[in-house]
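The structure appears below as structure tokens.
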Amino acid sequence: MNILVCIKQVLAAAVRVFPDADTRWIRSDSDEYVMNRFDEFAVEAALQLREALSDGRVDVISVGPERAEAVIRRALGMGADDGIHIITKTCGPIPPAVTAALMAASVRNRNYDLILTGVMSEDDMNAQVGPAMAEMLDLPCATAVIQIERRGISTVYVEREMEGGMRDALEIRLPALLSVQSGAHPPRYPSLSRMLRANRRPIETIPSTDLGMTAPDIHVVRTAFPGKTRAGYFLEGSASEKAAQLLKIFQARSLMR
Amino acid sequence: MTSTILVIAEHADGQIRPVTGEIVACARQLQQLQPADIRIVVLGDPVETLAETLSQKTGLPVDAIRTPHLAEYHGDTYRDVLTDFIKELQPRYICAAHTSQGLDFAPGLAVRIKAACITGVEAIVEADGEICFTRRICGGKLTADIASPNAQIVLSVLPGSFSADSSNATTAGAICYRTAISETSARTIPCGVLRSSVKASGITEADVVVAAGRGIGDRENIALIHRLTALFSGSAVAGSRIVCDQGWLDYAQQVGVTGFSVQPALYIACGISGAVQHVSGMRASGFIVSINSDPNAAIFNVSDICIVEDLKTFIPLFIETATSPHPD
Ligand SMILES: Cc1cc2nc3c(=O)[nH]c(=O)nc-3n(C[C@H](O)[C@H](O)[C@H](O)COP(=O)(O)OP(=O)(O)OC[C@H]3O[C@@H](n4cnc5c(N)ncnc54)[C@H](O)[C@@H]3O)c2cc1C
């Protein structure tokens, strides 16, 4: 079974971000980028399928600027076979339908049996690229998948996660696309020797401009800090002063003796 | 010709989901900015009771599409049947729920009908003369207002963002029945709905819930959370999904949309970023205290008390303060 995993580079969760009026997008106080955590789970799921079946390959693809190469290298370090990088020029957000169309155009004739994406990206949080790409490639699709098992040569059994701990079970004919939800199989950490090897491997690059595609226009008008739904009172002073204030607050509200 | 805002009703287990009322509330708000008729569409088999509930509750016209063998949600069928219906009705806006159902069919539906798709809509505003849909980005730390000039727009409405009208409408809306001719899709075969065997581990009854997020950094630091929890009576330890995925806590302790909802008198969030999926499970708590090293963490927007500190040093310090004999 040949598997393709779509991965994205995102700002690390701990990086501080600010609205930026000039670009109508965001500014950050550091450029610490990482692989989208949900995509790490997708890569892990693909590697486990390859190991269970002991055949086939796992390739990864990413749409993003030059720096996105780092997440492709990381996926190779985790154990993926080959990487494809669709290089974009823009620094702003790419509409999810555009990302999906770019990847669909470049993998259409590559005969993957299974395409995996993360359930959503931690930065744009659209949760659209996977299901949109499935439609563009006319593939059956399931989202928020937490269990994948091969059934025979042409089918996978999957469980999708729904609200309140319920799961929706499906049998899906291959080729198919699944968006993977995080779960109880934490992504492996690339070993140093694997990373060194991964860093020497060639990566196929495709300029996004070569793929000519259109998608309905959606654009960002402005970004902002969200409003508060509660008092949001920030304690001031040294750490010990804050601890003393917090204790007083708990005592005053009889939450603590 | 007036344009139409189409609401796609969500149901499961034969019941209309409460989020449907919230989608209607979103549609009504949109109607203020863009005059249009609102219609509700519901798919199912049987569909009669669902349609009657919708028409009585909202007073809006309902298109009930009897879809043979479709008792529960099925992505391929939803996309097929809705595409045909939308091609005929030509609504300007198509509003679904930002849930495991809506997110499964809406992006693909948008591609098929060549509509723009905006997910996770939590507010509607007008800016620069354009109707904008507000949604969260960056794990909830910021919002972005999104607009589209496209002739058709598919929206997914974030649960908990628009308040549904709880009273019944004075006059029921007209129901228009039709039957869909959907070939049972051979590419995705439903194998049933599985119910989780995970039971909440006392976090739903506790008066005080102390929750650990990825900010605790290491499995060892769970001990810190336990020590903090032990200071309170009637208390329990909970966690974000990431912490449960890591195996640092059990899934029975997970708070959020895909975990459990809690409403303790006090909720202490330690190293939790405040993603909507987590917040929806704890925002009803009586008093919320958050400890996070990032002053812009989204959790602070839903907190009563905000503490910008490294939890690894602050929690031990607090425990020491709380357990040392009082100077006064
Ligand atoms: C369909 C779906 C369903 C989901 N369901 C749920 C759900 O039910 N429950 C849930 O929780 N999540 C759920 N999620 C995941 C959710 O989107 C977030 O990814 C998750 O809640 C983030 O967990 P976190 O806050 O622990 O981690 P992060 O987002 O990584 O945040 C860690 C926080 O810790 C802070 N921090 C780091 N170091 C320190 C330190 N030393 N001291 C203090 N603070 C520190 C950081 O500033 C950051 O704010 C779901 C996601 C999807 C897509």
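Considering only residues that are out of contact with any helix residue (DSSP H, G or I) (no Cβ under 7 Å at 6 or more places or on another chain), part of a helix (DSSP H, G or I) and within 7 Å of chain A (Cβ to nearest Cβ), look in segment B:294-316 and name the one that is nearest to the ligand (Cβ to nearest atom).
The residue in question is B:PHE300.
Name the residue, out of B:VAL243, B:VAL262, B:VAL237, that is within 27 Å of A:MET162 (Cα to Cα), open to solvent by less than 20 Å² (accessible area, probe 1.4 Å) and in a helix (DSSP H, G or I).
The unique qualifying residue is B:VAL243.
Among residues belonging to segment A:26-48 that are open to solvent by 30 Å² or more (accessible area, probe 1.4 Å) and in a strand (DSSP E or B), point out the one that is nearest to A:SER182 (Cα to Cα).
The qualifying residue nearest to A:SER182 (Cα to Cα) is A:VAL34.
Considering each of B:ILE272, B:ILE291, B:ILE319 in turn, give the residue that is more than 20 Å from A:ASP123 (Cβ to Cβ), more than 7 Å from chain A (Cβ to nearest Cβ), modelled with pLDDT of 95 or more and not in a strand (DSSP E or B).
Every option except B:ILE319 fails the conditions.
Residues that are within 30 Å of B:ALA186 (Cα to Cα), basic (Lys, Arg), facing chain B (nearest Cβ under 9 Å) and surrounded by 15 or more Cβ atoms within 10 Å (Cβ to Cβ): does segment A:235-248 have at least one?
Within segment A:235-248, not a single residue is within 30 Å of B:ALA186 (Cα to Cα), basic (Lys, Arg), facing chain B (nearest Cβ under 9 Å) and surrounded by 15 or more Cβ atoms within 10 Å (Cβ to Cβ).
Does A:VAL58 satisfy the condition of being among the aliphatic types (A, V, I, L, M), within 14 Å of chain B (Cβ to nearest Cβ) and buried (at least 18 other Cβ atoms within 10 Å of the Cβ)?
Considered against the rule, which asks whether it is among the aliphatic types (A, V, I, L, M), within 14 Å of chain B (Cβ to nearest Cβ) and buried (at least 18 other Cβ atoms within 10 Å of the Cβ), A:VAL58 comes out as no.
Pick out the one residue from A:ALA132, A:ALA100, A:ALA80 that is open to solvent by less than 10 Å² (accessible area, probe 1.4 Å), within 16 Å of A:LEU49 (Cβ to Cβ) and not in a strand (DSSP E or B).
So the residue among A:ALA132, A:ALA100, A:ALA80 that is open to solvent by less than 10 Å² (accessible area, probe 1.4 Å), within 16 Å of A:LEU49 (Cβ to Cβ) and not in a strand (DSSP E or B) is A:ALA80.
Identify all residues within segment B:267-317 that are among the hydroxyl-bearing types (Ser, Thr, Tyr) and open to solvent by 10 Å² or more (accessible area, probe 1.4 Å); write none if there are none.
Hits for segment B:267-317 are B:SER273, B:SER280, B:SER293, B:THR313.
Condition first: more than 23 Å from B:ALA297 (Cβ to Cβ) and either within 13 Å of another protein chain (Cβ to nearest Cβ) or part of a strand (DSSP E or B) (or both). Now tell me which residues in segment A:6-22 satisfy that.
A:CYS6
Which of the residues belonging to segment B:271-287 are β-branched (Val, Ile, Thr) and either outside the structural domain of B:TRP248 (by TED's automatic domain parsing) or farther than 21 Å from B:ASN221 by Cα (or both)?
Scanning segment B:271-287 gives B:VAL276, B:VAL279.
When the residues of segment B:100-109 are filtered to those that are within 7 Å of chain A (Cβ to nearest Cβ) and open to solvent by less than 10 Å² (accessible area, probe 1.4 Å), which remaining residue is nearest to B:THR258 (Cα to Cα)?
B:ASP104
Considering only residues that are within 24 Å of B:CYS138 (Cβ to Cβ) and aromatic (Phe, Trp, Tyr), which ones fall in segment A:211-257?
Result: A:PHE225, A:TYR233, A:PHE234.
Check B:PRO325 against each of (1) part of a helix (DSSP H, G or I); (2) more than 7 Å from the ligand (Cβ to nearest atom) and name the one condition it does not meet.
(1)
The values are calculated or read from the model by the stated rules, or taken from the named source; none is laboratory data. Quick caveat, the model's predicted, so the values are computed rather than measured. Using ideal geometry, Cβ is built from the backbone for each residue, glycine included, and neighbour counts are taken over all protein chains shown. Accessible surface is based on the protein model in full, side chains and every heavy atom, while ligands, DNA and RNA are left aside. Shrake-Rupley method; radii C 1.70, N 1.55, O 1.52, S 1.80 Å.
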